[in-house]
Amino acid sequence: MGKDLIQKKRQWPAVLVICMGAFLSLTACSQLSEKPAEPALSPASKAVQDSEESTAETQADLPTAKMSPQTMYQILLAEMLVQKGKNSAAFGVLYPVAMETRDPKLAERVFQLSMSTYDLTAIKESAKLWRDVSPDEAVAWKASYLMSVRKGNIEEGIDFWKRYQALSKNTLEQDLIAASIRVPQTAPAEYGLPFLSAVHQLYPEDPAGIYGLGSAAETYGDYKTAIQYLEQAASLYQSQVEKEDEAYVAAKVYREINRLLANAYLKSNQVALGLKRLKDYVDEYDDDWLMQERYARLEVKAGFYQQAEKRYLRIIKNEPKAYTSKLSVALLRLERDDFARAEQLLKDLKEVPQYRSTALYYLGVSAQEQNHLKQAKAYYELIQSQDYLVDAKLHIAEIDFSTIGLKQTIQNLDAVKASSPDDQIKLYRGKAVFYNLAGQKEKAIEEYNQALAVDKNQVELYLMQAMLFYDLEQYDRYEANLQQALSINPNDVDVLNALGYFYAEQKRKLDQATELLDKALSLAPDRYYILDSRGWLAYQKGQYEQAESYLKRALDIQLDDEVLIHLIHTQWRLNKKSAATRLWKKYHSKFPDNQRLQRILLDLSS
């Protein structure tokens, strides 16, 4: 056909003739000119792409239908547009041709192009065309079920899933696991999880369906659902591994399940439960270094710093390039003021390009903590990359503040260029801190308003601004801020604690305070300040024995002057005056600046 066309009076451009010999192959023309970089696929496009599918650059077969010269010209024009990186225009040219000819190969090619257009309607329509003209093509049904889920049409998605699965050459396990990856890339949780739950109901005993639902829930951040199904899947896959000598796939999935569980426990603040449930796995699979690292994170969050450091050091010994673990050890050492050994690791990391700015930043923090301010500033000034640049500038402002004053500090921060919303918020927060230090609380409040204008869903901003309202005795605004924060994240333990303690302190809404603080404790049972708040609430309700129990637990975790004051008050109320006196004698000298603590026995005796 190509030769005949060349002999026609109106000849094709030479470049088109060259391309005709390899119809639909982008590589055939790639040597004629440098091809522009194509845009990355949209999440929806990635979701329908699979190892079994052709991409926009894959060699395709010739059309099966007989083509007119005009049709062939449109096809070649579309391919030239692809060469120029104009995939959307190419799709616009080729889709009507495929609709008219109903050619299976053209329909497949149109679908390939649709995935790079960022146009969900194009993907959906081209998938429909492809499955209409090639009803036995599995990939067309796969794309269709994913697009249906994205639109929220769960029932249609299940119907398309069944057609896909009947045609798929993969095993059911492979398709179920693939769906757990693709669906979260394509659809929001409100559609993705119900769809995967419905798929699971089709094969309720299949471990891959259980794992897939748990894995997707973890991706979506629904950690309660994730833990529920991943724990079930872990038990089933563990049994497979133990029963089969060559259960390679089962062992691989079992490993991934435990890694996902570690992340889910960490993100959901179920640290103690995670340590308990995952202990057997980390003990048995002590060479799964990624899992060892995640387990160490759980230990850090639980406050088991020595165990975590020991685990990190094992990882480093066996994986010399485990730089994240090395950084974690350095930070643990900084946490307990082991500056020399922390700096030794940080100086090593400074020589690793991708960790240089991180290491410089924490070297600056270490020097600043030791009051080596000149050295700290020198480290901060070496930071050039954007990831730590704003943080470094804020620390420099902190060092210089007492010398240059508020006005110059604010001017210096105003001169810092923020390249992202997160950096903008950091700068607003920093300026709020300096205004607060200078006693200008209203201006500090305004800086938080500016930060909230950038991102109104940052719970921490409401909490920090609320503290200023409290200082100004604007309690209505304090309460409103905390309630707004809880409307964004009902499980933020610091906000739950702040509002619950506020009610306890004011001796009002005590039932609501109980709900708030009990919820906070259920989410973070070992945080001393929440135990202190819950103890003081019990005190305010006249439940002194219960108060003493909470406050003793808090003091065992952290020697804190406010906890000490509350416990002495409580024991005095219980007529345990000797115990209260011994407690005061033992610890009051550790807090010489707390005048309430120094005078507490006199005040109680008067």
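Can you tell me the accessible area per residue over the chain, all protein chains present, probe 1.4 angstrom, in square angstrom?
Per-residue accessible area for the chain comes out at 51 Å².
Can you give the extra length, in nm with one decimal, that the chain gains between residue 354 and residue 252 once fully stretched, where that is 0.36 nm per residue apart less the Cα-Cα distance?
33.8 nm
Once you keep just the Cα pairs under 8 angstrom separated by 6 or more residues, what percentage relative contact order results for the chain?
Contact order relative to length: 5 percent.
If the label point is 7 Å along Cα→Cβ of residue 437, which residues in the stretch 358-378 have backbone nitrogen under 18 Å from it?
Counting backbone N atoms under 18 Å from the label point, the list is 364-378.
Quick one: angle between helix 289-302 and the longest Cα principal axis of the chain, in degrees between 0 and 90, rounded to 10, please.
30
Working from Cα positions, state the angle (0 to 90°, nearest 10) between the long axis of helix 561-573 and the longest principal axis of the chain.
Relative to the chain, helix 561-573 is tipped by roughly 50 degrees.
Using a cut-off of under 18 Å, list every residue of the stretch 95-130 whose amide N is near the label point 7 Å from the Cα of residue 70 along the Cα-to-beta-carbon line.
Flagged as within label range: 95-103.
Of all the accessible heavy-atom surface of the chain, with the other protein chains kept in place and a 1.4 Å probe, what percent is carbon and sulfur?
Answer for the chain is 48 percent, counting heavy atoms of protein chains only.
How much length is gained if the chain between residue 190 and residue 510 is pulled fully straight, taking 0.36 nm per residue apart and subtracting their Cα-Cα distance, in nm to one decimal?
Using 0.36 nm per residue and subtracting the Cα-Cα distance, I get 111.6 nm.
For each pair in 224/456; 86/456; 86/151; 169/267; 279/426, compute the distance between the two Cα atoms and list the pairs where it is over 29 Å.
86/456; 169/267; 279/426
Just grab the label-to-label distance for residue 446 and residue 407, each label 7 Å out from Cα along the Cβ direction, in nm (one decimal).
1.6
Please give the contour-minus-distance gain from residue 232 to residue 374: 0.36 nm per residue of separation, less the Cα-Cα distance, rounded to one decimal in nm.
Value of the extension gain: 45.6 nm.
Once you put a point 7 Å from the Cα of residue 121 and another 7 Å from the Cα of residue 318, both along the Cβ direction, what distance in nm separates them?
Once both label points are built, they end up 5.5 nm from each other.
Calculate the length of the line joining the C-alpha centroid of the stretch 455-509 to that of the stretch 524-559, in whole Å.
The stretch 455-509 and the stretch 524-559 have Cα centres separated by 20 Å.
In nm, to one decimal, how far is the residue 310 label point from the residue 579 one, both placed 7 Å along Cα→Cβ?
Computed distance between label sites residue 310 and residue 579 equals 3.4 nm.
With axes computed from alpha carbons, what is the tilt in degrees of helix 172-186 against the longest principal axis of the chain, rounded to the nearest 10 within 0 to 90?
Approximately 70 degrees, to the nearest 10.
Per DSSP H run of n ≥ 4, the term is -39500 (n - 2.57); total these for the chain, divide by its residue number, and report the mean residue ellipticity at 222 nm rounded to 500 deg cm²/dmol.
Counting only the DSSP helices, I get -24000 deg cm²/dmol.
The values are calculated or read from the model by the stated rules, or taken from the named source; none is laboratory data. Please read all numbers here as calculations on a predicted model, not as lab measurements. Methodologically, a virtual Cβ is constructed for each residue, glycine included, from the backbone with ideal geometry; neighbour enumeration extends over all protein chains shown. For the accessible areas, the whole protein counts, side chains as well, though only heavy atoms, and no ligand, DNA or RNA atoms are used. Shrake-Rupley method; radii C 1.70, N 1.55, O 1.52, S 1.80 Å.
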